[in-house]
Each structure stands twice: as structure tokens, then as C-alpha cells.
Amino acid sequence: MKARRGAQWCARLSLGLLLLAAGASCRPAGGRDEPLRFWAMGREGEVVQELVRDFERENPGLRVRVQQIPWSAAHEKLLTAYVGGSMPDLAQLGNTWISEFAALRALEPLGPWLARSAAVPAAEYFPGIWDTNVLGDQTYGVPWYVDTRVLFYRRDLLGRAGYTAVPTTWEGWRAAMEATRRVAGRDKFAIFLPVNEWPPLMILGLQAGSPLLAEDGTRGAFSGPEFRRAFDYYVGLFRARLAPPISNTEISNLYQEFARSYFSMYITGPWNLGEFARRLPPELQQAWDTAPLPGPEGPGLSMAGGSSLVVLKSSRRKPDAWRLLEFLSRPEQQARFYRLTGDLPARREAWRDSALAADPRARAFEQQLLRVAPWPKVPEWEQITTMVLDRTESAVRGSTPPDSALAALDRDVDRVLEKRRWLLERARHGARAAAGGAP
Amino acid sequence: MSAPWRSAQARAAWLFVAPALLLIGVFFVVPVVGGLVLSLTDFDLYAIGDPSVARVVGLRNYHQVLTDAEFWNALRNTLYFVLAGGPLSVGLSLGAALLVNARRARFPGLFRVLFFTPVVTTLVAVAIVWRYLYHPRYGLIDHALGWLGLHPIDWLGDPHWAMPALILLSAWKNFGYNMLIFVAGLQSIPEDLYDAARLDGASAWQRFVYVTLPSLQPTLLFVGVLTVIGQFQLFAEPYVMTQGGPLRSTVSIVLLMYEQGFRWWRIGLAAAIAFVLFALMLGATLVQLRLQREERR
């Protein structure tokens, strides 16, 4: 134990010396000529250039090269860069990827940086979102923008069915669906839950109190009573023909179908605020609204999504990277970023920005963001979600009984998590051996 | 021939092949052996961060591959591609070669170049154009089907049609290469064989069956083996066009390997898939050689 701490201290000291040496040799001439490398994805990567230009103006002599990476290739590119030792200094990371890159030890723990800085106060962020960046007792990222799911619904149809608002309990919600479908017509449905999208079902699971993964994220918890309750509710909606058992590739135009009241409710994210406003016909513009998700016994949880900014451990320019992170986290930059992209700001001060405060439909998101929970923080999560889709689709389409579908899902998931079980077991053994060996 | 002389000759020979051996060793033998070792471990994402957590698992990866429904699905898709696309591709190249090589053909050089152009075009660019061609609403192909009074087909969105669409694209993209090989083979057939056949009153079809085909045997074998080997490694077409969809109907073995290796970073498992694929291709090639030999007897 002592030797290990000594080694760590030594490593830290040498790293510090290295940094000093690098800094000393770089500062006068080179170094700052070399631009700071910042990787951002998709549309964000395009838009952030504008913000970064102001950062450069504020920090003469500091140049930033933003590299824009398409979302579809981002994960591969980051991992390849990690293996090849060519990581950037600062990067945008989907917050479900944080556990993975932390497991690779690619991320700089931000605890010390946060302690030293007043510019990024954790209390100013949505707690559930901030939590996605925390693993054990260490913080690895700072939320940049947030994402969650709420209910988009046809207020006119619900109104005709006798509802002035979406009920807040599962029971009330289902009754509202039944009433809405009666109003909409025989061949219509109440809610669209695409069978190729996993978040709605997993959100119901979170709401019912399921941990989704049990035993420190080493086993599936899908056969457990909590998830079973959510699953029965979910499958029940299809069995009662309240939801059509189709995927969203089988529907040609979501907005048209919503306008034709093929379905009156849809669980989706903030990007659709703009899309619904743009794509629904003018006469329907007053007819749709958003609401926080109902839960089993009252207002329910939703997912804590979004992207974070992370400093890479391999970076030799961490102070500069941190400075850019601080800049992008300023409330006014967050508000500006929202205006440019439509991404909801992570920082709550930025919500007081006029555009968001004035939009009643955005308020459902703000309320929901106070009730969000993260997905299980294991690197295998993304792979697990593909298994969830495989196993639940057959149950939804009616061919597999829920029991065997969930048991099979747990089997698949346990197989993928075998390595993680072994690692944790080994770490526990190591700790016990170390504890036993100490005098 | 004295012993020292022979050894000097041998040394010179070794010296001459050394560069080639070195290259093969570094770029072929070492990676293959490395891959084989990897396939016996559970090298994964965690091991990328800390190689000491990779475990030797023996044949577990192979067991997992062979018991995985995903693998069998990928194998089925790949065999579909090989068995339907292989003959189509070879037939197309042979036909094109006969046309280009025909005595009455005009501008044979021009056509040879035209037919060969798809081979040297990058697949990604080709795929973008073909995605437009296959588009159910704006695509040229469905438009043409409309003239014939047929219903439009959602080529890349329908699980039944996605693979035929890829086969068509791949056949069009690759037939030019085999065509050139066939042209070379055709030109090496002595003209007097045809003259003799003609004197005996053989029709054009008979000349093709009894003169051209037997003379082309070695070329056919070569083309067949190369085509099958190439087609087993189907990857770029589904990767660019469909990402394995719809409903996993275009996942090939190599695409599955890519997903396991570079999406989920289960490198050990991906390496095992690679060796299973190698065994399959070796088997298919041996079968072809055997068939050929029996035919010759």
C-alpha cells in the first residue's frame, strides 16, 4: 500500500515536472503557436467555431483548432485516437460514454480543477445531469448541453377527451390514452412507442425504481419485479392497441401522422421542439404541447442525457483546455449556444435567457430535468441497449411471453458483463489482500 | 556440382528472397500470428486501457461465435451474397468479355475502358450514386419499373430486397476486372480450333460450349476462386449502403467482425470471427479446386 502510494506520488511528481518542463520550454516560443485541439461532434462542432473565435479574442496568443466529427463516427474515432495516442486536449463526449473513457483512463479527473475554479459551480447545474459525470467519488466531465425525454401530445384531442392536462400517474395516463383514442377514432392509436427505440421502455423502468443493472452494474436486473412492472405496463399498451407495434422506419412521416392524429402522444427530446413548430401545419400550431412524463405514483423520472466537456488526460495543455471549458460554461455562452443550436443549456442561469423562459413548451423540459436519472454507468451500456431492442420487440409483437423475454435478456446481458464481474471481483480481492497484508 | 558451390548458390538465393520474406514476415506472418493469439484471449475495451486484464480463454471465443445466432445470420447473408452474386458476377464478366472480344465488335478498346471504369472508381462515391438510383421515390430504377407497370420497390428499406440490391451493385462494380482476365484468356485460344470446329459444322453455341469453355477452364478456375474469396469478404457495400440493416438482413461476416471489434471493442471475439471466416474461405476454395480436378478427369 505504502509502496503504491509512493509510486503514485513519484509518478505525479514526475508528471508535474514534465508539465513544468513542457510549459517552460513551450511558453516563450512554440507551445502557444501550436493550437489547442478541441473535438466536437455534428452540428455542435460546426456552431461552436463561432464561440471559440470569441475565446481566442479574449485570449490573445491562444489558438484553438476545432475539429468537427460526425456523430456516426465519433465513438470509433475517439477510441482509435486513444489507442493511437492522438487524443485532443478538450472534447465533447456524450455523457453515456463517460464511464467507458474513464475505464480507459483517458479522462482527466476534474475534482481538483473544480475545487480551484469559481467559474463552474456544480450547484448551478441540474443535479441529475451533473451526476452522469460522476463515477465513484470522481468527476470526469462538465455538462455542456442537456437532453431528456418528455411527452409531446395533442392538446386538442386530450381536451376533447375531457383532459385539460396530462395526468401524472401511470394509471391516469393510461386512462387518458384510452379516452383520447376513443375521440381520435377506431383506426388510430393513442401513443407512438417505436419498437426500435429503447429509451421509452428504459425510462419506464427507471420510473418503476429498477436499477436496470444489479450488483454494481455486473448483472441484468430486467427480471426483477420493478422492471417487470414497467415492462407489463409497456407491453400492455401494445396489447390494448393503444400503441402501434411498428418501428419509426415503418412510418413515413412522423409529423404528418401526428397531424393526422394517427397517434396523439409521443415521447421524444428537445430537438423536436423546433421540428414540431416547423413541420406541423399552421392550424395545428396551437394544438400541441409538451408535458413532463407521468410516473407510477406521480410525476416520473426521465433520462439524463446530453453531452459533457472533458479534458483528456494525455493533454499537455490542460490549463488552456480548462480555460476553454470555463469559457463555454459561462451562462451567456450557454445561452448563445442554445440560440445557435437549439440544444438546451446545462447551466440553469442560461434558462433565464428570454427565449427559453418565454417558451411554455420548454418549461416541461425544465421541470423534467429536475427529475432525471442517469443510465447505468458501465461501458457496455450501448451494447446492452441493442440487446434490449432485440429481446423486447418479439414480446411487443406478441410472440414471446414477457417472462421468457426478460429472462433471455438477463442472460444476454450477464454474458456481456462477465468481464466486468471478473474485474470487480479481482479488485475486491486485491483490496482484501492489501487489507489483510497491512499490519 | 560441388558442395561449396551449391551452398554459395543457396546463400545468394536466400539473399535474393530475403527482402520479400522480410516483408511477408513483418506484414503478414506477424499480424496473423498476433491475430491468432488475440482470438484465444478476451482482449476488449478494458484491456485497451490496461493490457494486464486480458485473459487467455482458450477456445471460448470460437464457441461463442459458433453458438451465436447473429453469426449464423451473418453467415446466411454472406452465403446468399456468394452463391447468388458469384455466378452472376462471373457470368456478367464472361458475357462482357465475349462481346468485347467478338470479331465484329466496334471500338473494343473504348468498351473495355468503359466496362473497367467502375472497378477503379471508389466504392463510397459509387454507393452514393446507387443510393439515389435505389431511392423508392426519386430513384431511376423504380422509375423504370414504373414504365413497365411494376410497383416501386423499397430496395434498401425492405429486408427482402436489400441483399439483391447489394448483389446488383457489387456485380456491376466488379465485373470489369474479371472481364479483362477473360479477354486475356479468350485471346490465348488458338484461332484454328474455331476454324476446325466451323469446318465440322459447329454452330456458334456449340463452338462456345466445346471450344471456348474447355479452353477457358484455367481462367474460369482462377476467376472463380478469386471471386469467391473476394465475395466472402463482403464489407464495404453493406457498410456504406445499409449499415447491416434493415432488420440485420445485410450483415455480412466481415461487417459483424467489424461491429464486434470496432464498435464494441471485443477484439478477441472479432479475431475469432476472422479465423472462422478464413476456415470457411479455405474450405470453399478447396472444394472448387477438387471439383475442377474431377471435371478434368
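From the Cα gyration tensor of the stretch A:341-439, with a ≥ b ≥ c the square roots of its eigenvalues, which class applies: rounded if a/c is under 1.5, or else prolate if a/b is larger than b/c, or else oblate?
Working: a/c = 3.88, a/b = 1.35, b/c = 2.88.
Note, shape of the stretch A:341-439 comes out oblate.
Tabulate in residue order the Karplus-calculated ³J(HN,Hα) for the stretch B:276-291, using 6.51 cos²θ - 1.76 cosθ + 1.60 with θ = phi - 60°, rounded to whole Hz; enter x for Gly and Pro.
Couplings: 4, 4, 4, 4, 4, 5, 4, x, 4, 5, 4, 4, 4, 4, 4, 4 Hz.
Compute the long axis of helix A:170-184 from its Cα atoms, compare it with the longest principal axis of the Cα atoms of chain A, and write down the angle in degrees, 0 to 90, nearest 10.
50
Amide H neighbours of residue A:220 under 5 Å, at least 5 residues apart or on other chains, H built in the peptide plane: list them.
A:214, A:414
Which of the three applies to the stretch B:97-159, rounded, prolate or oblate, going by the alpha-carbon gyration tensor with a ≥ b ≥ c and a/c under 1.5 meaning rounded? Before the final figure, lay out the partial values.
Working: a/c = 3.53, a/b = 1.77, b/c = 1.99.
Because a/c hits 1.5 or more and a/b fails to exceed b/c, the stretch B:97-159 counts as oblate.
I'd like the FRET efficiency for residue A:427 and residue A:367, computed as 1/(1 + (r/R0)^6) with the beta carbon distance as r and R0 of 25 Å, rounded to 0.05. Don't skip to the end; give the middle numbers.
Working: r = 39 Å, r/R0 = 1.58.
So, using R0 = 25 Å, E works out to roughly 0.05.
Quick check: from the Cα gyration tensor, does the stretch B:156-233 come out rounded (a/c under 1.5), prolate or oblate? Provide the component values of the computation, followed by the final result.
Values: a/c = 3.54, a/b = 2.31, b/c = 1.53.
The shape class here is prolate.
What is the helix-to-structure angle for A:225-239, meaning the angle in degrees between its Cα long axis and the longest Cα principal axis of chain A, kept from 0 to 90 and rounded to the nearest 10?
Tilt relative to chain A: about 50 degrees.
Test of understanding: what is the full-extension gain from residue B:84 to residue B:150, defined as 0.36 nm times their sequence separation minus their Cα-Cα distance? Present the calculation step by step, with values, prior to reporting the outcome.
Working: separation 66, 0.36 × 66 = 23.76 nm, distance 2.32 nm.
Extra length from residue B:84 to residue B:150 when fully extended: 21.4 nm.
Each label point is 7 Å from the Cα along the Cα-to-Cβ direction; what then is the distance between the points at residue B:233 and residue B:8, in nm?
Here the modelled spin labels are 4.3 nm apart.
Based on a Kirkwood Rh over C-alpha pairs, give the Stokes-Einstein translational diffusion coefficient of chain A at 4 °C and viscosity 1.567 mPa s in µm²/s.
Numbers: Rh = 23.8 Å.
For these conditions, the coefficient is 54 µm²/s.
Normalise the Cα radius of gyration of the stretch A:116-214 by 2.2 N^0.38 Å (N = residues in it) and let me know the number.
Working: Rg = 18.9 Å, N = 99, 2.2 N^0.38 = 12.6 Å.
Ratio of Rg to 2.2 N^0.38 Å for the stretch A:116-214: 1.50.
Å³ per residue of the Cα convex hull, for the protein assembly as shown? Could the numbers behind the result be given before it?
Details: hull volume 202.4 nm³, N = 736.
It comes to 275 Å³ per residue, whole-number rounded.
Please list the non-local residues whose amide H lies under 5 Å from the amide H of residue B:41, H modeled 1.01 Å from N, same-chain partners needing a gap of 5 or more.
B:57
Out of the stretch A:144-216, which GluC sites (Glu not before Pro) are coil in DSSP terms and have no more than 14 other C-beta atoms within 10 Å?
Numbers: sites: A:171, A:178, A:197, A:215; in loops: A:197, A:215.
Filter output for the stretch A:144-216: A:215.
Against the longest alpha carbon principal axis of chain A, how many degrees, from 0 to 90 and to the nearest 10, is the axis of helix A:42-58 turned?
40
In terms of the ratio Rg/(2.2 N^0.38 Å) built on C-alpha atoms, what value belongs to chain B? Display every interim value, and only then the final one.
Values: Rg = 24.1 Å, N = 297, 2.2 N^0.38 = 19.1 Å.
In units of the 2.2 N^0.38 Å rule of thumb, it is 1.26.
Find how many whole Å separate the alpha carbon centroid of the stretch B:129-162 from the alpha carbon centroid of the stretch A:86-154.
Taking the Cα centre of each part, the stretch A:86-154 and the stretch B:129-162 sit 45 Å apart.
FYI, it's all coordinate maths here, none of it is from the lab. It should be emphasised that the depicted structure is a prediction, and the values quoted were computed from it without experimental measurement. A quick note on method: Cβ atoms are made from the backbone with ideal geometry, for glycine too, and the neighbour counts reach across all protein chains shown.
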